């Protein structure tokens, strides 16, 4: 589909363009919090933001001339590293390690099974998927190990086309919604599963005092918001500067180095008193919405005809992941709670994993939070690793 261009586009300067992106990035989270519309259970605000900005781009509200292109590139170059840093500041590595080797083994089995499932699905379907499918699938894999921020980071590192990003977001959103329903529906089956598998029940062995919650939510003021935003931009610039000094290759480009260094700096900051300071997650969520809006501003709907292929591929990945987790549960005597929480900590993240964990037992809720934070740490690297394997396979 060709973009329809107005004789005189409504948006003619970079500031108005950025202002409209901010409105689109904020309006759907605003409605989700206050309206509770059912559509948000299927299409999260981040996906609706992408589709809305894409529609405005197709309608010709702006033209991607030199000024707009530079503004879009600046948003992505500056905000993505800041986003990765802010996402990891609250990561409590000590608390994660305190969960014990068995719980961490369950999480790693879920992560590895997701990567293997993507590889298997790619091998089975590569003759029917588009030529850039390796970029879409590696991006989704980053999101299904970590979160949407990891998916965006991987997508930019592998150079995905803007219109193909829509397929990644749609696959992530729809497959995730179905998977969440399946996992929650399986909670009543835990006693039968554990008896059949002779499982070691996680809730019975877990020391409730070991896993600690990340920083409690506190009211935010403008000072905290500006502090986190400024700190994120400064650290992001540091990551970009350090990445420019490192050798670039087909395996690790300068963009890849930037994302990995921003992740490492965020992890390092998590060992400082910054971890106890509220607000980093709120600011990172806002930056994520802005980044996704900027990505969509240069896209169109031409790639959406391929969405059914990617959806089928996504459900195939989930099916293979489920079979591999079932085999791991049988081998290591994992209970159904650990399998479900580990899976959703990867695929769902910090928003949904604690809810599933609490459905099994209230004492497990912090486990869901901490495993999801571990997923944020590993997501970008996992997606880039899978992209490299795809390239070695001739993608």
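Any read-out appearing in this document is the output of simple, stated calculations on the displayed coordinates, not a laboratory observation. Just so you know, these numbers come straight off a predicted model, no measurement behind them. Counting neighbours? That spans all protein chains shown, and the Cβs are built from the backbone with ideal geometry, glycine included.
Taking every Cα atom in region 75-184, find the radius of gyration and the maximum pairwise distance Dmax, and write them in Å.
15.7, 45
Once you keep just the Cα pairs under 8 angstrom separated by 6 or more residues, what percentage relative contact order results for the chain?
Value for the chain: 35 percent.
Provide, in order from the shortest bin, the percent of all Cα-Cα pairs of region 128-184 in each 5 Å bin, continuing until the bin that contains the maximum pair distance.
Going out from 0 Å in 5 Å bins, region 128-184 shows 4, 21, 31, 23, 12, 6, 3, 0 percent.
Taking every pair of distinct Cα atoms and averaging 1/r, then inverting, what Kirkwood hydrodynamic radius in Å comes out for region 1-138?
The Cα-based Kirkwood calculation yields 19.3 Å.
Can you give me the angle between helix 66-88 and the longest principal axis of the chain, using Cα atoms only, in degrees from 0 to 90, rounded to the nearest 10?
Roughly 20 degrees between the two axes.
Tell me whether region 65-140 comes out rounded, prolate or oblate; compute the Cα gyration tensor, take square roots of the eigenvalues as a ≥ b ≥ c, and use a/c under 1.5 as the rounded threshold.
Oblate.
What does the extension gain come out to for residue 98 and residue 238, with contour length at 0.36 nm per residue minus their alpha carbon separation?
47.3 nm
Output the 0 to 90 degree angle, nearest 10, between the alpha-carbon long axis of helix 148-157 and the longest principal axis computed from the alpha carbons of the chain.
Compared with the principal axis, the helix lies near 60 degrees.
Cut-off is 10 Å between beta-carbons; in what order do 182, 290 appear when sorted fewest neighbours first?
Ranked by crowding around the Cβ, least crowded first: 182, 290.
Sort 317, 350, 200 so the one with the fewest other Cβ atoms within 10 Å of its own Cβ comes first.
Lowest count first: 200, 350, 317.
Quick one: order 67, 163 by neighbouring beta-carbon count within 10 Å, fewest to most.
In order of increasing Cβ crowding within 10 Å: 67, 163.
Label-point separation (nm) for residue 125 and residue 307, each offset 7 Å from Cα along Cα-to-Cβ?
1.5 nm
Give the span of the chain's Cα atoms along each principal axis, as three whole-Å numbers ordered largest to smallest.
69, 51, 49
Would you work out if region 265-395 is rounded, prolate or oblate? Take a ≥ b ≥ c from the square roots of the eigenvalues of the alpha-carbon gyration tensor; rounded if a/c is under 1.5, else prolate when a/b is larger than b/c, oblate otherwise.
Oblate is the answer for region 265-395, as a/c is 1.5 or above yet b/c matches or exceeds a/b.
Roughly what angle does helix 280-296 make with the longest principal axis of the chain, taking Cα atoms, 0 to 90 degrees, to the nearest 10?
Long axis of 280-296 versus the principal axis of the chain: about 50 degrees.
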